[in-house]
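Read through the structure below, which is laid out as structure tokens, and then see the notes.
The values are calculated or read from the model by the stated rules, or taken from the named source; none is laboratory data. What you see is a predicted model, and the numbers here were worked out from it, not measured in a lab. Backbone-built Cβ (ideal geometry, glycine too); neighbour counts: all protein chains shown. Surface accessibility is based on the protein's heavy atoms, side chains included, excluding ligands, DNA and RNA. Shrake-Rupley method; radii C 1.70, N 1.55, O 1.52, S 1.80 Å.
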Amino acid sequence: MGEAIVDEYDRTKTLSKTKRVKMVQFLTSMLMQKTSTHPSTHDKEQLAQSIISAFPELHCGGVNGWEHFYTPAKGKVSASGFIEVRIRNVGSRLSKEKGGRASGTRNTESTTSSRCGITVSAPDVGSVTDTTEKRNWLKHNVEPKTLVKRYMAETRKARMHWIHKDNPSIADILSSYPRLGDPDGYMWIDEDFQWVFPDASDKFTSKWETIAPQLLHQIKLDCKDGSTLRVLAELQDPRQTPGVMEEDTDLDNFTPSPEEIAVTVAYLLLPLLPPKSTVVTQNGKKWKPTLMEGQNAFIELRKPTTDIRALLKSKNDECLKQGTTRQPCVVALGETLLSANRFLVVVEDVTYELDSLIKALDICFKTFFVFNVEYPTAARNPWTFIQRGVFNISTTQDKVTPRVRELLAILK
């Protein structure tokens, strides 16, 4: 096993998920045999440091570089990382074998709590009346466009302060500022986000095509489910994409375009960073999202003839059954991923139509910060990766799993 791991690392300068799991299992077993079933923090840190010393390309980009393998507890935050998770799993199994009851923590989902860690200063007291009048005007007017644009800009500070201080629901925000729910309301989302993060606004659309090839290799290594393999096959063989292949395409020398790679990798971020946590939902039930539930909460691929109203109703019904709320997501309409030609961002019962999947993802990401809502549990990992790895935004509310840290290291 050891030779296979070293051989893969020497060839690829990384490790597939399968090889990494086997390595951690073996090394933690050796550590527990040498010390105890509950190794000390020092022992676990030493093991994590040794792994990075032996495989420096696995450095996660953190202060020490091995935080994704082990991060010690700090205050009320429990220890985390691949090593910690493995030791807990072994300890839980041993406890059950002895007839005991394993201890553990219970994850809960809060679909209404603030997630952004953004503080927006209050508007001047003297401007409150003016802001209220402009907000009321915006409720009843869509023309002239120049005045709508001006009033949306002049009410922005008050709007963002209210959203991030009082944490209203998306429905309340759309009721108070209905222009956000217009077909072109995504423009105000884009501008509100840029107002808060002026240096980050254009990063996803400008950087994703250069980042995607780095992740494609990891997807091919780690993702072996049937759905992912079908999407990868479509990328490599244009005959599987109706209407895309030109008559004179040379299949022997075919290379997918940067845009096709970018779209494919964006869609496959979910299986690369699948949902793991079991949560207790609002109705008190335990729920562990499946890969398909995660994909549909991130980017859902539907046929071109899909009835959008019926789709929204089915999503609402599914969330009611699970005891969750429906968070913003992307819907692509097409026979296949690469032949899709309509891209929607769904926020409550509002749909924004964008020109490309990449721009739809860009706007969808920004809705979480502009409306101050949680990422969906089933798709938290890919959104966190995009936030940290592409937009370079860190907040006090981030939940960064070891797997996300591992993937972030690829971008260093």
May I ask for log10 I(q)/I(0) of the stretch 290-401 at q = 0.13, 0.21 Å⁻¹, from a Debye sum over the Cα atoms as equal point scatterers with solvent left out? -0.48, -1.24
For Leu232 and Asn64, compute 0.36 nm times the residue count separating them, minus their Cα-Cα distance, and round to one decimal in nm. 57.0 nm
Using θ = phi - 60° and Karplus 6.51 cos²θ - 1.76 cosθ + 1.60, couplings along the stretch 267-281 (whole Hz; Gly, Pro as x): 5, 8, 4, 5, x, 6, 10, x, x, 10, 6, 8, 10, 9, 7
If we sort 172-178, 293-299 on the protection proxy, mean other Cβ atoms within 10 Å, highest first, what's the order? 293-299, 172-178
Mind listing the phi-derived Karplus ³J(HN,Hα) values for the stretch 166-174, rounded to whole Hz, using 6.51, -1.76 and 1.60 with θ = phi - 60°, and x for any glycine or proline? 9, 6, x, 6, 4, 4, 5, 5, 5
How much of the accessible area of the chain, probe 1.4 Å, is carbon plus sulfur, in whole percent? 50
Heavy-atom accessible area per residue - the chain, 1.4 Å, Å²: 50
How far is it, in nm, from the label point at Glu154 to the one at Ser175 when both lie 7 Å from their Cα along the line to the Cβ? 2.6
Amide H of Glu300: which non-local residues (sequence gap of 5 or more, or other chain) have their own amide H closer than 5 Å, using H built in the peptide plane? Val330, Val331, Ala332
Compactness relative to 2.2 N^0.38 Å, alpha carbon Rg of the chain: 1.08
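Determine the alpha carbon to alpha carbon distance for each of Lys44/Lys288; Lys145/Lys203; Lys157/Lys286; Lys22/Lys203; Lys220/Lys399; Lys286/Lys359 and list only those over 32 Å.
Lys157/Lys286; Lys22/Lys203; Lys286/Lys359
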Please give the length that would be gained between Lys285 and Val128 if that part of the chain were fully extended, namely 0.36 nm times their separation in residues minus their C-alpha to C-alpha distance (nm, one decimal). 52.2 nm
Derived scalar couplings ³J(HN,Hα) [the stretch 310-318; Karplus, 6.51 cos²θ - 1.76 cosθ + 1.60; whole Hz; x for Gly, Pro]: 5, 5, 4, 5, 5, 5, 4, 4, 5
Find the relative contact order for the chain and round it to a whole percent, using C-alpha pairs within less than 8 Å whose residues are 6+ positions apart. 19
For all pairs of alpha-carbon atoms in the stretch 184-232, what percent lies in each bin of width 5 Å, listed from the first bin to the last filled one? 5, 17, 16, 14, 12, 12, 14, 11, 1
Going by accessible area, probe 1.4 Å, with all protein chains left in place, what is the ranking of Asp199, Asp362, largest first? Asp199, Asp362
Charge context of Val120, other residues only, Cβ under 14 angstrom, K/R +1, D/E -1: +1
Helix-only [θ]222 nm of the chain, DSSP H runs n ≥ 4, -39500 (n - 2.57) each, per residue, nearest 500: -15500 deg cm²/dmol
Using mean Cβ contacts within 10 Å as the protection proxy, how do 32-40, 284-292 order, highest first? 284-292, 32-40
